[in-house]
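Student: The structure under discussion is supplied below as structure tokens; questions concerning it will follow.
What follows is calculated from the coordinates using simple rules that are stated; it is not laboratory data. Every value quoted in this text rests on a predicted model; they were computed, and no experiment measured them. Every residue, glycine as well, gets a Cβ built from its backbone with ideal geometry; the counts of neighbours run over all protein chains shown.
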Ligand code: NAD
Ligand code: DAU
């Protein structure tokens with residue numbers, strides 16, 4: 001089987017590339033990635049020389065490039081991770097989110113229709129459901145929860161999901177969609193909460209918590225997400241959406257305090273700063289469907305996963321130091337410089 005993994009030089013995509021090469025060594029894995037600021041070729045260095053792996057630098061919005069790759073490789077499966085993924089950036093500049101996340105998805109599916117495919121899988125997010133109130137812990141997102149987005153990012157992901165379902169109904173494209181909660185683990189780009197707090201704490205820099213810090217996210221170790229997608233490819237029903245999450249809700253402030261404790265840093269580093277515009281209060285996934293239909297359950301407990309993750313950042317300064325020394329400095333200044 002030949003599988004194209006788009007966005008495979010990013011956080012979850014690279015973990016999925018490693019997962020597939022490890023779990024399915026007989027398959028051919030092709031990573032298609034534009035290498036935006038979030039894509040990092042050095043992440044893929046350990047597999048670059050493998051016979052059953054190929055890296056192609058291309059934009060999923062570039063129809064000619066995508067079609068010529070399909071004509072050459074005739075993939076059986078496409079898993080689309082490629083996206084602009086950071087909510088704060090989408091608030092600053094929505095246009096690129098619409099371009100990549102919506103138009104890029106359409107180009108990939110057009111290629112699948114033109115050249116034929118066994119499965120197109122769209123990696124979506126729990127953010128398409130909007131948020132839940134903090135005072136209703138009994139509520140969870142199920143696959144039938146209405147789409148109700150808050151940010152340009154989540155709106156672009158929801159639009160893509162609707163398009164994927166439309167291509168299934170209209171053209172009979174064999175699609176599946178997964179909607180996962182917040183991932184954490186190795187190769188997480190430093191702009192996101194957990195790596196940002198680890199790296200700032202290591203440098204004794206302020207830890208910028210948005211608003212009151214009581215917003216809740218439902219954290220899942222990245223390898224558990226990769227296993228879920230692999231299972232959906234093998235056993236998932238075509239045309240279906242599967243929620244992925246491990247019932248691990250945490251307040252942002254508690255995560256930041258936990259990181260301080262693990263690194264032996266004082267909580268006085270924590271600074272409450274201006275809140276994110278339209279900030280979603282709580283995400284919480286109900287994973288009953290993927291559990292009952294496909295037998296998926298998370299394997300990594302948060303207490304173990306966060307320890308492993310912190311240790312990974314301690315051991316891999318060579319990975320994140322070049323990232324935070326480059327254009328990330330201007331990004332950080334722009335986003336946090338004047339955030340009172
Ligand atoms: P990321 O930002 O770390 O990586 C995105 C990757 O896509 C990068 O390698 C980038 O170079 C590539 N890319 C961006 N635009 C491209 C384009 N036009 N053409 C080709 N490649 C392009 O993102 P991530 O956190 O790994 O998320 C991957 C996917 O999973 C996204 O679709 C995101 O919406 C979804 N998701 C993420 C999370 C999470 O917690 N991070 C949770 C649920 C779903
Ligand atoms: O739920 C899945 C989503 O999780 C994915 O679809 C997105 O691609 C991914 O980026 C993530 O979105 P979040 O907005 O939840 O992740 P982020 O790491 O940006 O923020 C997590 C929480 O921490 C959120 O409530 C905002 C807060 N935060 C974030 C940063 C970067 C802070 O308080 N301070 C910060 O500096």
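Student: Among the residues of the stretch 128-148, are any outside any loop (DSSP other than H, G, I, E, B), within 27 Å of residue 35 (Cβ to Cβ), touching a strand residue (DSSP E or B) at 6+ places or on another chain (Cβ under 9 Å) and in contact (Cβ under 8 Å) with a residue 24 or more places away in the chain? First the steps, then the outcome.
Tutor: So in the stretch 128-148, the residues outside any loop (DSSP other than H, G, I, E, B) come out as 128-129, 132, 141.
Applying the additional criterion that residues be within 27 Å of residue 35 (Cβ to Cβ) yields 128.
Restricting the remaining residues to those that are touching a strand residue (DSSP E or B) at 6+ places or on another chain (Cβ under 9 Å) gives 128.
Retained after the next criterion (residues that are in contact (Cβ under 8 Å) with a residue 24 or more places away in the chain): 128.
Yes, because at least one residue in the stretch 128-148 is outside any loop (DSSP other than H, G, I, E, B), within 27 Å of residue 35 (Cβ to Cβ), touching a strand residue (DSSP E or B) at 6+ places or on another chain (Cβ under 9 Å) and in contact (Cβ under 8 Å) with a residue 24 or more places away in the chain.
Student: Moving to a separate point now. Can you tell which of 179, 237, 227, 169 is crowded, with 23+ Cβ neighbours inside 10 Å and either within 15 Å of ligand 2 (Cβ to nearest atom) or within 28 Å of residue 143 (Cα to Cα) (or both)? Steps first, answer last, please.
Tutor: Numbers: 237 fails: crowded, with 23+ Cβ neighbours inside 10 Å; 227 fails: crowded, with 23+ Cβ neighbours inside 10 Å; 169 fails: crowded, with 23+ Cβ neighbours inside 10 Å.
Result of the check over 179, 237, 227, 169: 179.
Student: A further question on this structure: Check residue 257 against each of (1) more than 11 Å from ligand 2 (Cβ to nearest atom); (2) part of a loop (DSSP other than H, G, I, E, B) and name the one condition it does not meet.
Tutor: Of the numbered conditions (1) more than 11 Å from ligand 2 (Cβ to nearest atom); (2) part of a loop (DSSP other than H, G, I, E, B), the odd one out for residue 257 is (2).
Student: Being farther than 19 Å from residue 190 by Cα and outside any helix (DSSP H, G or I), is that true of even one residue in the stretch 318-332?
Tutor: no
Student: Within the stretch 204-236, work out how many residues are over 22 Å from the mean Cα position of the chain (by Cα), assigned to a loop (DSSP other than H, G, I, E, B) and more than 16 Å from residue 282 (Cα to Cα).
Tutor: Adding up the residues that qualify gives 3.
Student: Sticking with this one: Scan 79, 66, 107 and give me the residue that is part of a strand (DSSP E or B) and either within 16 Å of ligand 1 (Cβ to nearest atom) or touching a helix residue (DSSP H, G or I) at 6+ places or on another chain (Cβ under 9 Å) (or both).
Tutor: Just one listed residue meets the conditions, 79.
Student: Go through 154, 159 for me and flag whichever is buried (at least 21 other Cβ atoms within 10 Å of the Cβ) and closer than 18 Å to residue 100 by Cα.
Tutor: Going through 154, 159 in turn, just one is buried (at least 21 other Cβ atoms within 10 Å of the Cβ) and closer than 18 Å to residue 100 by Cα: 154.
Student: Go through (1) more than 11 Å from ligand 2 (Cβ to nearest atom); (2) in a loop (DSSP other than H, G, I, E, B); (3) buried (at least 21 other Cβ atoms within 10 Å of the Cβ) one by one and return the number of the condition residue 188 breaks.
Tutor: Of (1) more than 11 Å from ligand 2 (Cβ to nearest atom); (2) in a loop (DSSP other than H, G, I, E, B); (3) buried (at least 21 other Cβ atoms within 10 Å of the Cβ), only one is false for residue 188: (1).
Student: Suppose we keep only residues that are touching a helix residue (DSSP H, G or I) at 6+ places or on another chain (Cβ under 9 Å) and part of a strand (DSSP E or B) within the stretch 241-250. Which one would you say is surrounded by the most Cβ atoms within 10 Å (Cβ to Cβ)? Walk me through how you get there before you give the answer.
Tutor: Of all residues in the stretch 241-250, those touching a helix residue (DSSP H, G or I) at 6+ places or on another chain (Cβ under 9 Å) come to 241-246, 248, 250.
Adding the requirement that they be part of a strand (DSSP E or B) leaves 241-244, 250.
Details: 241: 22, 242: 25, 243: 25, 244: 28, 250: 16.
It comes out as 244.
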